[in-house]
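Shown next, in structure tokens, is the structure this report addresses.
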2 protein chains.
Amino acid sequence: MNTEKLILVVNDDGVTAPGIRALVEAMHGLGRVVVVAPDKPQSGMGHAITIGSPLRLESTDIIPGVEAYQCSGTPVDCVKLAVDKILHRHPDLCVSGVNHGSNSSINVIYSGTMSAAVEASIEGIPAIGFSLLDYAFEADFSAAKHYARELAIKVLANGLPEKTLLNVNFPKLPLSEIKGMRVCRQAQAKWVEEFEERLDPRGKKYYWMTGRFQNEDAGIDTDEWALANNFVSVVPVQFDLTAHHAMSHINQLLS
Amino acid sequence: MNTEKLILVVNDDGVTAPGIRALVEAMHGLGRVVVVAPDKPQSGMGHAITIGSPLRLESTDIIPGVEAYQCSGTPVDCVKLAVDKILHRHPDLCVSGVNHGSNSSINVIYSGTMSAAVEASIEGIPAIGFSLLDYAFEADFSAAKHYARELAIKVLANGLPEKTLLNVNFPKLPLSEIKGMRVCRQAQAKWVEEFEERLDPRGKKYYWMTGRFQNEDAGIDTDEWALANNFVSVVPVQFDLTAHHAMSHINQLLS
């Protein structure tokens with residue numbers, strides 16, 4: 001079975017999250033599935049890596065019938081360790097998620113789920129990150145599973161353009177109410193932070209991050225529009241951050 | 001003095017790092033300088049934010065004569081907290097660094113220094129990240145200070161294009177040997193990880209991340225080329241990750 005496809009499944013909510021089980025189920029029969037996920041929630045870790053401390057990696061039977069490992073590091077660490085120490089080759093596909101909560105628009109940059117997929121793509125592995133607009137532990141992943149499987153089959157068969165991965169978000173809807181997939185751009189949006197200040201029992205201040213999501217983009221070609229209109233949003237993502245369009249402007253600034 | 005400029009200085013090496021002192025010195029006289037930096041090294045934190053635990057923020061007199069705060073969070077947390085709880089308005093400029101070590105090419109995505117600058121840019125603040133190709137604690141920041149000041153003056157006077165920040169790297173050279181600044185694109189490069197496996201005193205495995213930087217880009221318009229040829233590299237950076245050039249390809253894939 002040298003032709004069997006190899007599929008790496010990662011996430012940021014940790015190996016015990018229902019979302020990763022849903023994704024494993026969605027990959028059933030498409031190839032050899034290996035799970036390498038954080039041993040604790042790692043939401044909001046962005047593209048963090050572990051430099052100053054060592055990592056642990058342990059086999060786990062938490063997902064019945066599936067080869068799975070839990071890692072003490074970040075989502076990006078999971079991908080790096082999986083390739084070097086478990087798979088010993090590049091998988092044919094890396095799928096990340098299904099995240100409990102949205103990773104649309106600007107959230108892509110804070111997301112551990114998406115950063116794991118970005119890391120795979122940097123390493124030349126076709127990669128897709130999946131997120132469901134429902135934070136609930138008991139969220140319904142059935143529509144997500146349907147589309148994740150469809151996308152995985154297409155990407156396993158056709159690959160993805162070089163240095164490009166996919167950021168896929170699912171509206172919180174049953175499959176029958178979803179109108180299909182829509183290729184979009186990332187909406188221009190941001191979080192407006194308002195830290196909540198409290199006093200600890202010793203009278204010293206501490207702060208909780210709270211935020212308000214602010215969509216500044218009325219475009220109908222964005223992921224926010226697609227999700228609000230009952231579509232699955234599919235955003236092609238790149239990891240080269242060069243602002244090529246600004247080169248001449250910056251040359252002028254420096255001259 | 002309503003016209004006085006407000007400059008936020010952040011980093012990822014922590015408030016005690018020599019690099020941030022160099023940057024504070026470089027900003028001297030350009031406006032009111034406020035430092036908000038992590039209370040411990042936060043290298044490799046990427047765009048991580050702190051969601052599940054509260055943050056501490058404390059005034060510190062570690063940099064004589066400068067209003068400075070240390071924060072228990074990530075570099076991105078520092079920017080968010082600074083704007084909401086210390087400055088109470090958007091600064092006119094956010095400078096991050098000077099990082100001890102390169103943040104050229106793909107390193108931009110792992111870098112806490114650059115992620116702090118990216119966060120400022122997301123919030124609409126003109127931002128520049130600075131890094132010196134020298135990890136040493138006693139590194140010579142004099143050339144970095146010279147160019148950081150020159151760039152800060154230009155950006156304070158002229159701003160930056162919308163949603164664009166600068167990633168500036170300095171070669172490890174005295175000022176007299178640097179040929180000037182060069183606007184470049186990020187070189188296509190990656191890290192090839194080789195985790196070192198060890199056994200702890202109880203006989204259980206653990207792993208240290210080690211890596212080899214692999215530049216796959218022979219272009220003479222890249223930051224790697226500029227740095228190798230004694231230039232300061234200036235890369236315009238964007239935070240919209242949409243791979244616009246791949247839209248039609250992905251539409252075809254899904255059809």
query: Picking from B:L156, B:L87, B:L133, which is most flexible by a Gaussian network model of chain B using Cα springs under 10 Å?
result: B:L87
task: Take the Cα pairs of the stretch B:1-153, get the Kirkwood Rh, then feed it into Stokes-Einstein at 10 °C and 1.306 mPa s and tell me D in µm²/s.
output: 107
- prompt: So which residue, out of B:H245, B:H47, B:H90, gets the largest mean-square fluctuation from a GNM of chain B using Cα contacts under 10 Å as springs?
  reply: B:H245
- prompt: Which percent, to the nearest 5, of DSSP beta bridges fully inside the stretch B:65-198 are antiparallel?
  reply: 0
query: How long are the semi-axes of the ellipsoid equivalent to the stretch B:138-255, from square roots of 5 times the Cα gyration tensor eigenvalues, in whole Å, largest first?
result: 32, 28, 15
statement: Whole-Å distance linking the alpha carbon centroid of the stretch B:98-140 with that of the stretch B:2-69 is 13
query: What stretch of chain A, leaving out the sites themselves, is the longest with no trypsin sites (Lys or Arg not before Pro) in a DSSP loop having at most 10 other Cβ atoms within 10 Å?
result: A:90-201
message: Could you tell me the relative contact order of chain A? Use alpha-carbon pairs under 8 Å, at least six residues apart, and round to a whole percent.
response: 17
- prompt: Hey, fewest Cβ within 10 Å first, where do B:T242, B:T3, A:T74, B:T16 land in order?
  reply: B:T3, B:T16, B:T242, A:T74
message: For Cα pairs less than 8 Å apart in space and 6+ apart in sequence, what is the mean separation divided by the residue count of the stretch A:47-112, i.e. the relative contact order in percent?
response: 31
task: Pull up the DSSP beta bridges for the stretch A:1-134 and report the antiparallel fraction as a percent, rounded to 5.
output: 20
- prompt: Restricting the count to DSSP beta bridges whose residues both fall in the stretch A:165-235, what percent are antiparallel, rounded to a multiple of 5?
  reply: 75
message: Show me, bin by bin at 10 Å from 0, the whole-percent P(r) of the protein assembly as shown based on Cα pairs.
response: 4, 20, 30, 26, 15, 5, 0, 0
message: Under the rule that an exposed site lies in a DSSP loop and has at most 12 other Cβ atoms within 10 Å, name the longest stretch of chain A with no GluC sites (Glu not before Pro) of that kind, not counting the sites themselves.
response: A:5-137
message: When a/c reaches 1.5 or more, the comparison of a/b and b/c decides; with that in mind, is chain B rounded, prolate or oblate per its Cα gyration tensor?
response: rounded
query: Any idea what diffusion coefficient the stretch B:1-62 gets from Stokes-Einstein, in µm²/s, Kirkwood Rh on alpha carbon pairs, 37 °C, 0.692 mPa s?
result: 249
- line: For the stretch A:151-255, averaging the sequence separation of alpha carbon pairs under 8 Å that lie six or more residues apart and dividing by its residue count, the contact order in percent is 37
message: Can you list residues from other chains, or at least 5 along the same chain, whose modelled amide H is less than 5 Å from the amide H of B:F231?
response: B:K179
statement: Listed residues A:Q214, A:Q188, A:Q42; largest mean-square fluctuation, Gaussian network over chain A with Cα springs below 10 Å, found at A:Q214
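None of the figures in this text is laboratory data; all of them are computed from the coordinates on show. Since we're looking at a predicted model, the values are computed, not measured. Neighbour counts are summed over all protein chains in view; Cβ atoms, including those assigned to glycine, are modelled from backbone coordinates with ideal geometry.
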